[in-house]
Amino acid sequence: MASIKDVAAEAGVSVATVSRVLNSHPSVSPDARARVLAAVDVLGYRPNAVARSLRTDQTRTLGLVISDVLNPYFTELARFVEEEARALGYSVIIGNADERPDLQEHHVRSLLDRRIDGLLVSPADGSSPLMPGSAGSGTPMVFVDRWIQGVDVPVVRADGRGAIRDLVAHLHRLGHRRLAIVAGPAATTTGNERVEAFREALREYGLALPDAYIGQGDFQADSGRRVTERFLALPEPPEIVFAADNLMALGALDAIRARGLRVPRDIGLAAFDDIPWFLHTDPPITAIAQPTGELGRAAVRALVDIVEGRSPQSVTLPARLVVRSSCGEHDPNRRSNL
C-alpha cells in the first residue's frame, strides 16, 4: 500500500506539500497540486482517515439515528441524507432505533464515541436525557422529522397540518362524517401533532372526534391492525380510518381484509406518509406525502453548516395530499356535498 512518502517521491515534492494538497491548503501552487493529485491516482493512495482526524479534529463523518429502518419513509430519508452528505464530502454512519428509546440512546452514545463531526436524529422518544446534554455540550446536532421540545438545535421537518386539513375537507366533500384515527405514540412530536391537527380539522366542519374513534398506535403495523380491529367491532364503526403513518395503514388494511370487508366499499382508508406501495395496493391509497428528499438534503446542509461554523435556521416544508381511490373517490353512488 502506497504511503504519503511514496506520493511525495512520485510527485517530486516534499511530504509537507502532499499533506497541504490533501488538506486543501491554499498555499500550494497549481503545478505542485496537479503533480500530487496525479501521483495519488497513479499509486492509488488513500489517506488514513483516523490519522487525519487526530490532526484536524474532524472525521468528515456524520451520524444518523432514525426511528425505524423498516419504515419506507425513513429508509428513503436515510438514502437522501447519505447522498447529500457524500456530495458535501462527508460519510454517514446510520443507527436504527427501531422505535425504542433504549436503542436510540445506545446508537447516540456509540456515534459520539466514534468522534463523528455531527449528529442527525429523528427521535423515537421525546424524553431522552442524552441528547439535551450532548447539544448543550456543543455537539453539532439537527433533528429531522421529529424533535425534542426544549432542545435548542435546528429542526428540519414537514408541516402536515395543512395537508391533514385538506384531507378532512376532501373526505367531507365525499360525504364522510364518521372519521377515526390510528394515532402515533404520544411520546413523539409527530404523534401528537397529527392527532391534534386531525381534531382541529374535524372541528372546522362541525365534526367531533369521540374517544372511541381515537386509537393509540406506535408507528408499527401491528398497532394499526389492533386499533382497526377495535374500530370495526364498534356498534357504529367509522366510515374512514386515517392512519398516522404508512406502516399503521398497512396494518389497518390487513384488519379490514381479515373481516372480509373491502376498501372503499365497506370502509375507507387514508394514511400519513405516502410510499410507492400505496400506488399499487387495491385500491391505491389516498395519502399525505412528505417531501422526503428535500427534508434529507436540508437536514444534512443544516448540520454541515453547524460543523463548519455557520448558523443555520430550522426548516419547515409543507406536506401535500395525494388523492387516489381508497376513500370512495370514484364511487358513482357516493354522496357528495360539492
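Sort through L234, L269 and tell me the only one that's over 17 Å from D68 (Cβ atoms), open to solvent by 10 Å² or more (accessible area, probe 1.4 Å) and aliphatic (A, V, I, L, M). Walk me through how you get there before you give the answer.
Details: L269 fails: open to solvent by 10 Å² or more (accessible area, probe 1.4 Å).
Testing whether each residue is over 17 Å from D68 (Cβ atoms), open to solvent by 10 Å² or more (accessible area, probe 1.4 Å) and aliphatic (A, V, I, L, M) leaves just L234.
Does I267 fit the bill of being over 30 Å from R60 (Cβ atoms), touching a Cys at 6+ places or on another chain (Cβ under 7 Å) and in contact (Cβ under 8 Å) with a residue 12 or more places away in the chain?
Working: over 30 Å from R60 (Cβ atoms): yes; touching a Cys at 6+ places or on another chain (Cβ under 7 Å): no; in contact (Cβ under 8 Å) with a residue 12 or more places away in the chain: yes.
No; evaluated as a whole, the condition is false for this residue.
Here are E200, E196: which of them is surrounded by fewer than 16 Cβ atoms within 10 Å (Cβ to Cβ), charged (D, E, K, R) and farther than 30 Å from D102 by Cβ? Criteria check complete, one pass: E200.
Determine which member of the set L43, L37 is out of contact with any Asp or Glu (no Cβ under 8 Å at 6 or more places or on another chain) and either of a type in the set (A, V, I, L, M, F, W, C) or modelled with pLDDT of 90 or more (or both). Walk me through it before giving the result.
On the way: L43 fails: out of contact with any Asp or Glu (no Cβ under 8 Å at 6 or more places or on another chain).
None of the others qualify; the one that does is L37.
Here D305 meets the list (1) open to solvent by 10 Å² or more (accessible area, probe 1.4 Å); (2) free of Cβ contacts under 8 Å to residues at least 40 places away in the same chain; (3) over 23 Å from the mean Cα position of the chain (by Cα) almost entirely, failing just condition (3). Residues in the stretch 245-261 that are under 20 Å from the mean Cα position of the chain (by Cα) and of a type in the set (D, E): 1 in all. Being more than 29 Å from V195 (Cα to Cα), among the charged types (D, E, K, R), open to solvent by less than 20 Å² (accessible area, probe 1.4 Å) and touching a Leu at 6+ places or on another chain (Cβ under 8 Å) is a description that does not apply to D145. Residues in the stretch 276-291 that are surrounded by fewer than 22 Cβ atoms within 10 Å (Cβ to Cβ) and in contact (Cβ under 8 Å) with a residue 24 or more places away in the chain: P276, W277, L279, T281, P283, P284, A289, P291.
Residue check: is A180 closer than 30 Å to F198 by Cα and either in contact with a Cys (Cβ under 9 Å, 6 or more places away or on another chain) or at pLDDT below 95 (or both)? Against the criterion (closer than 30 Å to F198 by Cα and either in contact with a Cys (Cβ under 9 Å, 6 or more places away or on another chain) or at pLDDT below 95 (or both)), A180 does not qualify.
Scanning the stretch 78-105 for residues that are open to solvent by less than 60 Å² (accessible area, probe 1.4 Å), of a type in the set (A, V, I, L, M, F, W, C) and closer than 21 Å to S134 by Cβ gives A78, V81, A85, V92, I93, A97, L103.
Here T189 meets each of (1) open to solvent by less than 40 Å² (accessible area, probe 1.4 Å); (2) on the phi > 0 side of the Ramachandran plot; (3) of a type outside the set (D, E, K, R) with one exception, condition (2). Restricting attention to the stretch 59-90, the residues that are part of a strand (DSSP E or B) and within 11 Å of G118 (Cα to Cα) add up to 4. Residue check: D273 meets all listed conditions (1) more than 19 Å from I164 (Cβ to Cβ); (2) at pLDDT 95 or above but one, namely (1). Pairs linking a residue in the stretch 125-148 that is free of Cβ contacts under 8 Å to residues at least 60 places away in the same chain to a residue that is among the acidic types (D, E), with Cβ atoms under 6 Å and 6 or more positions apart or on different chains, are L130/E105.
If you check I288 against the conditions, is it on the phi < 0 side of the Ramachandran plot, under 16 Å from the mean Cα position of the chain (by Cα) and aliphatic (A, V, I, L, M)?
It is true that I288 is on the phi < 0 side of the Ramachandran plot, under 16 Å from the mean Cα position of the chain (by Cα) and aliphatic (A, V, I, L, M).
The values are calculated or read from the model by the stated rules, or taken from the named source; none is laboratory data. All values reported here derive from a predicted model rather than from experimental measurement. With ideal geometry, Cβ positions are generated from the backbone for all residues, glycine too; neighbour counts draw on all protein chains shown. Surface areas here come from the heavy atoms of the whole protein model, side chains and all, with no ligands, DNA or RNA. Shrake-Rupley method; radii C 1.70, N 1.55, O 1.52, S 1.80 Å.
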